[in-house]
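Notes follow once the structure below has been shown.
The values are calculated or read from the model by the stated rules, or taken from the named source; none is laboratory data. Because the structure is predicted, anything quoted here is derived from the model rather than measured. Heads up, the Cβs are rebuilt from the backbone with ideal geometry, glycines too, and the neighbour counts pull from every protein chain shown. Heads up: the accessible areas ignore ligands, DNA and RNA and are worked out on the full protein's heavy atoms, side chains in. Shrake-Rupley method; radii C 1.70, N 1.55, O 1.52, S 1.80 Å.
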Amino acid sequence: MKKTHLLAASLIAAASGLAAEDAYAANLTLCWAAWDPANALVELSKDFEAQSGHKMNFEFVPWPNFADRMLNELNSGGKLCDLMIGDSQWIGLGAEAGHYVKMNDFFEANAISMDDFIPATVTGYAEWPKGTPNYWALPAYADVVGWTYRKDWFARPELQAEYKEKYGRDLDVPATLAELKDIAEFFQGREIDGKTVYGAAIYTERGSEGITMGVTNALYNYGFLYENPEKPYDMEGFVNSSGAVEGLEFYKALYDCCTPPGSSDWYMSETIDAFKSGQAALQMNFAFIWPGVNADPNVGGDRSGYFPNPAGPAGQFAQLGGQGISVVSYSSNQDAALEYIKWFAQPEVQQRWWDMGGAPALKSVVEAPGFADSQPYAQAFLDSMAIVKDFWAEPTYAELLLAMQNRVHRYVIAGEGTAQEALDALVGDWTEVFEDDGKL
């Protein structure tokens, strides 16, 4: 059956509601990364099973292998996944390669409006081409890089006094990246409670996307742009601007001065471990980790605090994470999969998603009175989601990402060449990718 016919059937089935007697019972498989939010979604989805009569199955893959595994599945036209919570950067590939079902007609038929979601998540997780009302996913998990800090260490009177004497300001949440580096240097190698601690656990991983997801939090705030805002794919002087060079130099300086030993290939799990084990005063990580930190017996509760990525000379931005949920075009259960999308989009379900440790993007949840006080990290989440930028979402994003991983890691971690040389080379790499893709 043609996909257009399948979608038409889906609209009819979804419009009839979620009652089991109104649609056939299907076995649905949802594919996502293996992490804490996925476990929460399993529990949340039990309500969908009870209401719809469908059976939910889950295929979760650890983050270091997630992209390779799931992009191979999509590129091969595999039928494993009915629903895919794919990374934000996949949206261009999902749309242009025909991996995802376009959602516009379904959204309209079921009164699901993208105006009801945080704008950055619509742009980041659902739209392709960017800036157009063409939707290939429903925002599913709002995420962003932010910072966690040892609030209990910051509050110690003797450390407060020493920091004030040295820097002339209070030891508190940093307003700028320069202040963050000062704090990291202050704690680096210090002894606290008989244990040597370090300044900051940051992203340095080479194999997948780690160092890119970390370094962009400095690059953006020093003036890095992916392209000329007036001319697509014109990168010279934007990717490798003087401000971008300073941002890359800052990230290397932060790595060199203030990170724990052996942290040359760290991503999400390693920085979490370093923070929870009491090694680091500051931790860079996506906001998804905050519920787990808050509940941790060693660093949870009032012992930790949360703040958005601080400003730099060119503004305050943070690297977008998170994902949208799409219906896979190769699925033979598209109508049932669309029922799941309709169910998941309901405000009451989105509220339970937050209560269970998820991160909704629905405005009626995150803008509700009391949301900012609902969790210790809720305000930092809101502040962070208001300043996001994202990596390329081009169909060739994987090639673009590998080039940046290579150039940045070789400079920041291996110490090869200069920041200017690394970014000049990156412009060359990306130019070649876009030339091969017919964009230049």
Odd one out for Asn39, checked against (1) surrounded by fewer than 19 Cβ atoms within 10 Å (Cβ to Cβ); (2) assigned to a helix (DSSP H, G or I); (3) over 22 Å from the mean Cα position of the chain (by Cα): (3)
Counted residues, the range 152-178 - those being surrounded by 15 or more Cβ atoms within 10 Å (Cβ to Cβ) and within 24 Å of the chain's Cα centre (by Cα): 3
Checking Ser264 against (1) open to solvent by 30 Å² or more (accessible area, probe 1.4 Å); (2) closer than 26 Å to Gln405 by Cα; (3) not in a loop (DSSP other than H, G, I, E, B), the condition it does not meet: (3)
Among the candidates Ile183, Ile118, residue that is in contact (Cβ under 8 Å) with a residue 40 or more places away in the chain and assigned by TED's automatic domain parsing to the domain that holds Glu339: Ile118
Of the criteria (1) part of a helix (DSSP H, G or I); (2) within 25 Å of Ser263 (Cβ to Cβ); (3) open to solvent by less than 40 Å² (accessible area, probe 1.4 Å); (4) of a type outside the set (Gly, Ala, Ser), which one Phe391 fails: (1)
Residue within the range 139-152 that is without any contact (Cβ under 8 Å) to a residue 24 or more places away in the chain and either assigned to a loop (DSSP other than H, G, I, E, B) or more than 22 Å from Asn298 (Cα to Cα) (or both) present: no
Single condition Gln89 does not satisfy, out of (1) more than 26 Å from the chain's Cα centre (by Cα); (2) in contact (Cβ under 8 Å) with a residue 12 or more places away in the chain: (1)
Pairs with Cβ under 8 Å, 6+ apart, first in the range 304-318 and farther than 18 Å from Leu282 by Cβ, second open to solvent by 20 Å² or more (accessible area, probe 1.4 Å): Pro313/Tyr222; Pro313/Gly223; Pro313/Glu246; Ala314/Tyr222; Ala314/Gly223; Phe317/Ile387; Phe317/Val388; Phe317/Lys389
Members of the range 58-94 found to be surrounded by fewer than 15 Cβ atoms within 10 Å (Cβ to Cβ) and assigned to a strand (DSSP E or B), listed by number: Pro62
Residues of the range 98-150 classified as within 17 Å of Ser88 (Cβ to Cβ) and surrounded by 18 or more Cβ atoms within 10 Å (Cβ to Cβ), total: 27
Condition met for Thr123 (of a type in the set (S, T, N, Q) and farther than 28 Å from Gln279 by Cβ): yes
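To keep it simple, each residue is scored yes or no on (1) more than 30 Å from Val299 (Cβ to Cβ); (2) assigned by TED's automatic domain parsing to the domain that holds Met235; (3) not in a helix (DSSP H, G or I).
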| site | (1), (2), (3) |
| --- | --- |
| Leu382 | no, no, no |
| Leu401 | yes, yes, no |
| Arg407 | yes, yes, no |
| Tyr411 | yes, yes, no |
| Glu416 | yes, yes, yes |
| Gln420 | yes, yes, no |
| Leu423 | yes, yes, no |
| Val427 | yes, yes, no |
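Please enumerate the residues belonging to the range 330-373 that are among the small types (Gly, Ala, Ser), modelled with pLDDT of 95 or more and crowded, with 19+ Cβ neighbours inside 10 Å. Lay out the reasoning, then the answer.
As a first pass, look at the range 330-373 and keep what is among the small types (Gly, Ala, Ser): 331-332, 336-337, 345, 357-359, 361, 364, 368, 370, 372.
So of that shortlist, the ones also modelled with pLDDT of 95 or more come out as 331-332, 336-337, 345, 358-359, 361, 364, 368, 370, 372.
Across the range 330-373, the qualifying residues are Ser331, Ala336, Ala337, Ala345, Gly358, Ala359, Ala361.
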